[in-house]
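Structure first, commentary second.
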Amino acid sequence: MLNNNTIKSITIVGGGTAGWMTAAALSRMLLAKNVSIKLVESEQIGTVGVGEATIPDIANFNRMLGIDEQEFLAATKGTFKLGIEFRDWGKLEDRYFHPFGAHGVDMNGIDFHQYWLHTKQHGNTAKLEDYSICSVAAKQSKFILPDNNPKSVLSHLRYAYHFDATAYAAYLRKYAELRDVIRIEGKIASVTTAQDSGNIQNVILENGQIIDADFFIDCSGFNALLLEKTLGVKYTDWSHWLPCNRAQAVASERIEPLPPFTISTAKKSGWQWRIPTQHRTGNGHIYCSDFISDDEANQVLLEGLDTKPLADARTIHFQTGCREQFWVKNCIGIGLSSGFLEPLESTSIFLIQQGISRFISLYPDGNMSEILKKEYNRLMSREFIQIRDFIILHYHATTRDDSPFWNYCRTMSIPDSLQHKIELFKAGGRVFRDDQELFSKASWIAVMLGQHIEPEVYEPILAGIPISEIQRSLDSMSSAMNQAVSQLPSHGEFIQKYVNGVRA
Ligand SMILES: Cc1cc2nc3c(=O)[nH]c(=O)nc-3n(C[C@H](O)[C@H](O)[C@H](O)COP(=O)(O)OP(=O)(O)OC[C@H]3O[C@@H](n4cnc5c(N)ncnc54)[C@H](O)[C@@H]3O)c2cc1C
C-alpha cells in the first residue's frame with residue numbers, strides 16, 4: 001500500500017550485477033528519503049556469472065558510490081582497459097584498435113581523422129590508432145593513470161576496467177548491506193498483482209514468505225520474472241541484425257605480460273573475447289547456432305585460448321533485443337531482464353547504470369505518473385537502439401566471405417539509422433550523432449575505418465594546406481605519444497603497485 005504519497009519500500013528481485021548495482025545505488029541515493037530496500041536472490045538459481053569488461057562510465061558509477069578505486073580493484077581482481085583490439089573483423093588477418101578517447105588532436109576546427117586521411121593519400125603509412133595515446137600504451141602493455149596536467153599527452157588517457165563479475169556483485173552486496181539493504185535468500189514461486197490497478201503487490205517465496213513493496217525492480221536476469229512473466233511485457237527481437245544466440249565461456253590462466261585491453265577475434269560463425277583480469281583470463285565464444293554446432297563452437301573456443309583452461313566451458317543461450325517497455329505499472333526492469341545486446345562493445349553494465357540513473361532522475365512519488373514512465377521508456381529504448389546500431393556496424397561492414405555466417409551479415413539489410421550514418425561517412429568521412437549518444441565520434445570513426453569503410457572524398461578545406469605541414473604536425477603528435485609511453489610502467493607492474501597492500 002502506498003502511504004503519504006511517497007514510495008516507502010522497494011523490492012529488488014535478483015542479486016546479479018544488476019541487482020546489487022541497483023541496491024548499492026539506491027541505498028546511497030535514497031538514504032534521506034527513508035525508503036526500505038530489500039533484495040531477493042536465489043543461490044539455487046545463481047547468476048549469469050559473466051560480464052567482465054566495461055567502458056569508462058563505470059568509474060562514474062563507482063565514484064557516485066564513493067568507492068575507492070584501489071580497494072575496488074583489489075576486491076574484484078580488476079585490471080585496466082584502454083580499448084578493444086578487433087582481429088579478423090573487416091577481413092581475415094586484419095587488426096584494428098578501438099581506443100577509449102580521441103585520436104590525435106583536432107586542428108582548426110577540423111577533425112583529426114580528416115588530416116590523417118589526407119596524409120594517407122599522400123603516402124603516410126601510420127595507422128589512425130598510432131595517434132591514440134590509449135592505443136599506443138595498449139600495444140606496449142603499459143599503463144598509468146591520466147595526467148591531471150591538460151598540456152600532457154597523458155591527460156588524454158581514458159580507461160575502464162576488466163574485473164571478476166561475481167566479485168563485483170559481492171563487493172556491492174557488502175556496500176549495500178552496510179547501508180541497510182536487507183538481503184533475502186530464496187526462490188520466488190509466485191507473484192501477486194492487484195486486481196484493480198494491475199500493480200505488483202508481493203512476491204512469494206517457495207518457503208511461503210511473502211515480500212511486499214510499493215515498487216519492484218526486476219533484476220531477475222533472462223528469467224524476467226516480473227516484467228515478462230508477471231506483467232506480460234513483450235520482447236523486441238533483433239536477431240535479424242544480430243543473429244548470434246549462444247555463448248560458451250571459460251576461464252583460463254593469467255596472461256603475461258598483463259594486457260590493458262580486451263581482444264575480440266571474429267571467428268567463422270561468431271567471435272571470441274579475451275578479457276585479462278589479475279588472477280585469470282576470461283574467454284568466451286559468441287556464435288549463432290544456425291551456422292555452427294555447440295561441439296564445434298567449443299572446439300573453436302578452446303583452440304583460440306592463449307592460456308590453459310581452468311574449467312569446462314559453460315553454454316549460455318540468449319536472444320538479442322530489448323523489452324517493448326522498461327517501466328510498467330510499479331515495476332522497472334534493469335539488467336538482462338530488460339534486454340540484451342551482445343558484449344562486443346561491453347555495454348550491458350553501462351545499460352544497467354543508465355537504467356539506475358534514469359530511474360533516480362525520474363524518481364516517482366506514490367502516484368507514479370504515466371508521463372514519468374513514458375519518458376523512462378523513451379530514453380531507455382533510444383539507448384538500446386543507438387548501441388544496437390553500433391554493434392551491427394561491426395558485423396555488417398566486412399569484406400569477409402569465407403563462411404555462410406559472414407555472407408549473411410555482410411549482405412543483410414540494416415536499420416535505416418545505421419545506413420544513414422554509413423552513407424554520410426562514405427560521402428566525406430563525417431560523423432553526426434545525437435548529443436546523448438553513448439559512442440563518441442571517435443568511436444564511430446575508429447570502427448568505420450577499422451572495418452574498411454573508406455570515405456570517397458576527404459575534407460575539401462584541407463586541400464589548401466601544404467601536405468608537408470600537416471605531416472609535420474602528425475609526426476610531432478606521434479613522437480610525443482611514443483616518448484611519453486616509453487617512460488610508463490608495464491600494466492602488470494602498475495597494478496601490483498597500485499593495489500599492493502590494499503585489503504580485498
Ligand atoms: C555471454 C555474455 C557475456 C557478457 N559479457 C559482458 C561484458 O563483458 N560486459 C558487460 O558489461 N556485460 C556483459 N554481459 C552482460 C552481463 O553479464 C549482465 O548485464 C550482468 O551480469 C547483469 O546480469 P543480471 O544481474 O541482469 O542477471 P543475472 O546475473 O542472471 O542475475 C539474475 C538474478 O536473479 C535471481 N533470480 C532469478 N529468478 C529468480 C527467482 N525465481 N527467485 C529468486 N531469484 C531469482 C538469480 O538468482 C540472480 O541472482 C554479458 C552477458 C553474457 C550473456
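Give Glu303, Glu296, Glu345 a once-over and let me know the one that is buried (at least 22 other Cβ atoms within 10 Å of the Cβ) and farther than 30 Å from Ser197 by Cβ. Give the steps one after another, and end with the answer.
Numbers: Glu303 fails: buried (at least 22 other Cβ atoms within 10 Å of the Cβ); Glu296 fails: buried (at least 22 other Cβ atoms within 10 Å of the Cβ).
Testing whether each residue is buried (at least 22 other Cβ atoms within 10 Å of the Cβ) and farther than 30 Å from Ser197 by Cβ leaves just Glu345.
Just checking, does segment 76-89 include any residue being in a helix (DSSP H, G or I) and either within 20 Å of Val136 (Cα to Cα) or touching a residue at least 40 places away in the same chain (Cβ under 8 Å) (or both)? Steps first, answer last, please.
First pass over segment 76-89, keeping only residues in a helix (DSSP H, G or I): 76.
Narrowing further to those that are either within 20 Å of Val136 (Cα to Cα) or touching a residue at least 40 places away in the same chain (Cβ under 8 Å) (or both): 76.
Yes: one or more hits.
For segment 102-123, give me each residue that is part of a loop (DSSP other than H, G, I, E, B), open to solvent by 20 Å² or more (accessible area, probe 1.4 Å) and not β-branched (Val, Ile, Thr).
Of segment 102-123, the ones part of a loop (DSSP other than H, G, I, E, B) are 102-106, 108-109, 111, 122-123.
Within this subset, residues satisfying the condition of being open to solvent by 20 Å² or more (accessible area, probe 1.4 Å) are 102, 105-106, 108-109, 111, 122-123.
Within segment 102-123, Ala102, Asp106, Asn108, Gly109, Asp111, His122, Gly123 meet the criteria.
What about Ala176, is it outside any loop (DSSP other than H, G, I, E, B) and within 25 Å of the chain's Cα centre (by Cα)? When the stated conditions are applied, Ala176 passes them.
Checking each residue in segment 447-476 for being open to solvent by less than 30 Å² (accessible area, probe 1.4 Å) and assigned to a helix (DSSP H, G or I) picks out Val447, Met448, Leu449, Gly450, Leu462, Ile470, Leu474. The single condition from (1) more than 16 Å from the ligand (Cβ to nearest atom); (2) more than 27 Å from Glu342 (Cα to Cα) that Leu73 fails is (2). Looking only at residues in segment 289-317 that are assigned to a loop (DSSP other than H, G, I, E, B) and within 23 Å of the chain's Cα centre (by Cα), the one that is nearest to Leu227 (Cα to Cα) is Ala313.
Just one of (1) open to solvent by 30 Å² or more (accessible area, probe 1.4 Å); (2) under 19 Å from the mean Cα position of the chain (by Cα) fails for Cys134. It is (1). Checking Ala53, Ala126 one by one, the residue that is hydrophobic (A, V, I, L, M, F, W, C) and closer than 20 Å to Glu454 by Cβ is Ala126 and no other. The residues of segment 357-416 that are more than 15 Å from Val328 (Cα to Cα), under 24 Å from the mean Cα position of the chain (by Cα) and not in a helix (DSSP H, G or I), listed by number, are Ala397, Thr398, Ile414, Pro415. Within segment 262-270, the presence of a residue that is near the ligand (Cβ under 10 Å from one of its atoms), more than 30 Å from Lys139 (Cα to Cα) and under 21 Å from the mean Cα position of the chain (by Cα) is excluded.
All of Asp401, Asp434 fail the test of being at pLDDT below 95, open to solvent by 20 Å² or more (accessible area, probe 1.4 Å) and acidic (Asp, Glu), apart from Asp434.
Taking segment 318-333 as the range and being more than 7 Å from the ligand (Cβ to nearest atom), on the phi < 0 side of the Ramachandran plot and part of a loop (DSSP other than H, G, I, E, B) as the test, the residues that pass are Gln319, Thr320, Glu324, Gln325, Phe326, Asn330. Taken over segment 192-235, residues that are more than 15 Å from the ligand (Cβ to nearest atom), open to solvent by less than 50 Å² (accessible area, probe 1.4 Å) and not in a loop (DSSP other than H, G, I, E, B) amount to 1. Looking at segment 48-56, is at least one residue β-branched (Val, Ile, Thr), open to solvent by 30 Å² or more (accessible area, probe 1.4 Å), under 18 Å from the mean Cα position of the chain (by Cα) and within 11 Å of the ligand (Cβ to nearest atom)? Yes, the conditions are met somewhere in segment 48-56.
Within segment 334-347, the set of residues being within 9 Å of the ligand (Cβ to nearest atom) and under 23 Å from Thr230 (Cβ atoms) comprises Ile334, Gly335, Leu336, Ser337, Ser338, Phe340. The residues in segment 437-446 that are in a helix (DSSP H, G or I) and of a type outside the set (Ser, Thr, Tyr) can be counted, and the count is 5. Evaluate the following for Leu26: is it aliphatic (A, V, I, L, M), more than 19 Å from Arg183 (Cα to Cα) and either in a strand (DSSP E or B) or at pLDDT 95 or above (or both)? For Leu26, the condition - aliphatic (A, V, I, L, M), more than 19 Å from Arg183 (Cα to Cα) and either in a strand (DSSP E or B) or at pLDDT 95 or above (or both) - is not met.
Which residues, taken from segment 175-187, are open to solvent by 30 Å² or more (accessible area, probe 1.4 Å) and within 16 Å of the ligand (Cβ to nearest atom)?
Step one: filter segment 175-187 for residues open to solvent by 30 Å² or more (accessible area, probe 1.4 Å), giving 177-180, 182-183, 185, 187.
Correct list: Glu177, Ile182, Arg183, Glu185, Lys187.
Is it the case that some residue within segment 81-99 is away from the ligand (no atom under 16 Å from the Cβ), farther than 30 Å from Trp406 by Cα and modelled with pLDDT of 95 or more? The answer is no; no qualifying residue exists.
The values are calculated or read from the model by the stated rules, or taken from the named source; none is laboratory data. This one's a predicted model, so the numbers in the text were calculated from it and none came from an experiment. Note: ideal-geometry Cβ built from the backbone for every residue, glycine included; neighbour counts use all protein chains shown. Surface accessibility is based on the protein's heavy atoms, side chains included, excluding ligands, DNA and RNA. Shrake-Rupley method; radii C 1.70, N 1.55, O 1.52, S 1.80 Å.
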